[in-house]
Amino acid sequence: MKVASLLERWFPHPLVSVIVGASWLMLGHSLDSGSIIMALILAVFIPRLVRPFIERTPNIDWKPAVSLFFSVLWDIIVCNIQVAKLVLGPTHKLHPKWFRVPLDTQHEEVNTLLAMIITTTPGTVSAGIDQDRGDILVHALNIEDTEAEIQNIKNRYEKPLMQIFGVQSGAQS
């Protein structure tokens, strides 16, 4: 019991500790003793400082989470190539458009992550989540079929996010 509480006190979020320490070492491009000591110090104290802000960790289903991660990574790579071709090509081929993606849930994590995924995918930017209207305003660099793009976003990202968090359509946070 004492060992568990001591570990929990010093490492309240072990994954955050690992990420912070590894990030420090990667940013420093060094594995000398000074860098390792600083990485350990940061890995202990930063998670303790942010503990009140990340206290609640939602239960997630990891299998669809990993699948969604690789799906988004693939989309980012493919979209980067498509956007490069569009931007470097003739501008008459660009068809920018604003559109709204209706949300199937009011679950905060699902909607926030959906907006973040839309924003990180080159060629689209989410301008904001409108909880009152129940949608996300999106700007696309090049779009010809708005309805097809909305269905693509909902099927590729929103449905897996809802599965990850175990959320049913219409559910709230």
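The values are calculated or read from the model by the stated rules, or taken from the named source; none is laboratory data. Keep in mind it's a predicted model, so treat the numbers as computed, not measured. All Cβ positions, glycine included, derive from the backbone under ideal geometry; neighbour counts span all protein chains shown. Just so you know, the surface numbers come from the protein's heavy atoms only, side chains and all, with ligands and any DNA or RNA stripped out. Shrake-Rupley method; radii C 1.70, N 1.55, O 1.52, S 1.80 Å.
So, in segment 137-173, of the ones that are of a type in the set (Ser, Thr, Tyr) and part of a loop (DSSP other than H, G, I, E, B), which residue ends up nearest to residue 100 (Cα to Cα)?
169
Among 88, 113, which is the only one that is buried (at least 17 other Cβ atoms within 10 Å of the Cβ) and either out of contact with any strand residue (DSSP E or B) (no Cβ under 8 Å at 6 or more places or on another chain) or modelled with pLDDT under 90 (or both)? Before the answer, list the steps.
Working: 88 fails: buried (at least 17 other Cβ atoms within 10 Å of the Cβ).
Unique residue meeting the criteria: 113.
What are the residues in segment 76-99 that are within 30 Å of residue 132 (Cα to Cα) and free of Cβ contacts under 8 Å to residues at least 40 places away in the same chain, if any? Spell out the reasoning first.
Step one: filter segment 76-99 for residues within 30 Å of residue 132 (Cα to Cα), giving 76, 95-99.
Those that are within 30 Å of residue 132 (Cα to Cα) and free of Cβ contacts under 8 Å to residues at least 40 places away in the same chain: none in segment 76-99.
From the list 93, 97, which residue is open to solvent by 70 Å² or more (accessible area, probe 1.4 Å) and modelled with pLDDT of 90 or more? First the steps, then the outcome.
Working: 93 fails: modelled with pLDDT of 90 or more.
Sole residue among the options that is open to solvent by 70 Å² or more (accessible area, probe 1.4 Å) and modelled with pLDDT of 90 or more: 97.
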